[in-house]
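What follows is one structure encoded as structure tokens, with my remarks underneath.
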Amino acid sequence: MAVAPPSYCFVAFPPRAKDGLVVFGKNSARPRDEVQEVVYFPAADHEPESKVECTYISIDQVLRTHAIVISRPAWLWGAEMGANEHGVCIANEAINAREPAAESEIFHKEPWGHKQISTWLLNERLGLERGAAAKEALDVIVSLLEEHGQGGNYYEDANSCHSFQSAYLLVDREEAWVLETIGKYWAAEKITEGVKCICNQLSLTTRIDAEHPELRNYAQSQGWWTGEDEFNFSEVFSLADEHLDCCAGKNSLEKQEAISENLSELQRLAGTLVIHMVTLIGFSLLVLTFESHFLVGSRYLLNLHRCEEELELEREERSIFKPFIFVDDVKLVPKAQSPSFGDEDPAKKEPRFQEKPDRRHELYKAHEWARAVIASDQEQGHKLQKTMLELEKQGLEAMEEILSSSAPLDPTEVGDIFYDCVDTEIKFFK
């Protein structure tokens, strides 16, 4: 069985986050050479009985989809993390569990019959497009699991198939939900305070606020639960103890209170929690909700990888926090989007992944240059890092001023802010 790549995501509610903010973040664990893109899709109306073409399958479209901004591997239709115009944020974790995920992308055989398979990343994007609240997005995802199951290759790789079960952290301004899934079966816990982290192992135990109606019957049918003991989701569905070290974020789950204390300490010492979370933790996606406004910041090339038994983070030295605010007429950012290959894309043609096209966009290429400078010239690399962090600080301070202002937000002033930040960063590298 393939080991789930190490990553974790978190949410912090007041009072752990200052000024009534809700803070959300994720460390990405995609392959280092995989191109990711940040893409905005405006809200849209669709014709009745129309279809939406995803990476592996075609499914029924809904009449209205919400505006979303997502970070995703460039070969996928779905999303690894993202947010929508209503302040809903979702991040995904690949999970190793007692029951392996289906590897086939087309059909799999389960007790409930033959089903088409959707990927976890597909479900995440659909949850954002169709859910105006965290619980509503959860309902979207579990209905898709019921109809299509889950599986498919986690990587753009024709030589092997790595498929995992999935967990989701779904957040809005009022609450968060931890959703953990085993095939079509699932359980969820509601979070309204403190700090919650999830990683690559199951975390739900005996506190379950919603679940698949047949979850416990299924566990009994597999011989994993007697029906007499208290039902503990992770104990029932997790791998044996010797496999638990596959989760790089295991310590995060065991030290929730310590994390909470660290956030409070940052808040006390720094005054501005957001800036220090970006520079000290370096999350791939950081989201803040502040009254009626919504801010999303995305980083590129923040992939966790194993190096001599330790986790290393490709940190923010090669990229700065770039804010995004949902308004009408957001300016698209082609420099952060990969080229399109249409129907000729090797991810769409069968057999899939027979070749790997060059998916690099301009921002990715600029980061490659920065990485080479940092690696080859220590003095120049240090200057580059210092300048980038100063630009990031200025940008965050400007955004904090905008969001804390009592004046109405002028869409014309912020609709192109993400575009301008990407353009400025690329020009700086050149």
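A few comments on the model shown:
- Spin-label model, S58 to S143: label points 7 Å out along the Cα-to-beta-carbon direction sit 2.1 nm apart.
- Heavy atoms of T65: accessible area, 1.4 Å probe, square angstrom to 10: 10
- Filter on K365/K427; K26/K322; K26/K430 - keep pairs with C-alpha separation over 18 Å: K26/K430
- In order through the range 176-187: 3J(HN,Hα) via Karplus (6.51 cos²θ - 1.76 cosθ + 1.60), integer Hz, x for Gly, Pro: 10, 10, 9, 10, 10, 10, 10, x, 8, 8, 7, 9
- Cβ-derived FRET efficiency at R0 56 Å, A210 paired with K331, nearest 0.05: 0.90
- Computed label-point distance, nm, for sites K430 and Q394 using a 7 Å Cα→Cβ extension: 1.9
- Counting only protein chain heavy atoms and rolling a 1.4 Å probe, the accessible areas of S404, S58 rank, largest first, as S404, S58.
- Residue order for V69, V62 - accessible surface, 1.4 angstrom probe, largest first: V62, V69
- Computed with a 1.4 Å probe over protein heavy atoms only, the accessible area of R216 comes to about 80 Å².
- 18 Å cut-off, amide nitrogen to a point 7 angstrom out along D377 Cα→Cβ, residues in the range 388-430: 388-389, 426-430
- Debye-formula intensities of the range 343-430, expressed as log10 I(q)/I(0) at q = 0.24 Å⁻¹, are -1.16 (one equal scatterer per alpha-carbon, no solvent).
- Pairs from K135/K331; K18/K190; K135/K196 whose Cα-Cα separation, in the structure shown, is over 18 Å: K135/K331; K18/K190
- Remark: the E193-D45 segment gains 49.7 nm on full extension, using 0.36 nm per residue and subtracting the alpha carbon distance.
The values are calculated or read from the model by the stated rules, or taken from the named source; none is laboratory data. All values derive from a computational prediction rather than experimental measurement. All Cβ positions, even for glycine, are placed from backbone atoms using ideal geometry, and neighbour counts span all protein chains on display. All accessible areas refer to the heavy atoms of the entire protein, side chains included, with ligands and DNA or RNA removed. Shrake-Rupley method; radii C 1.70, N 1.55, O 1.52, S 1.80 Å.
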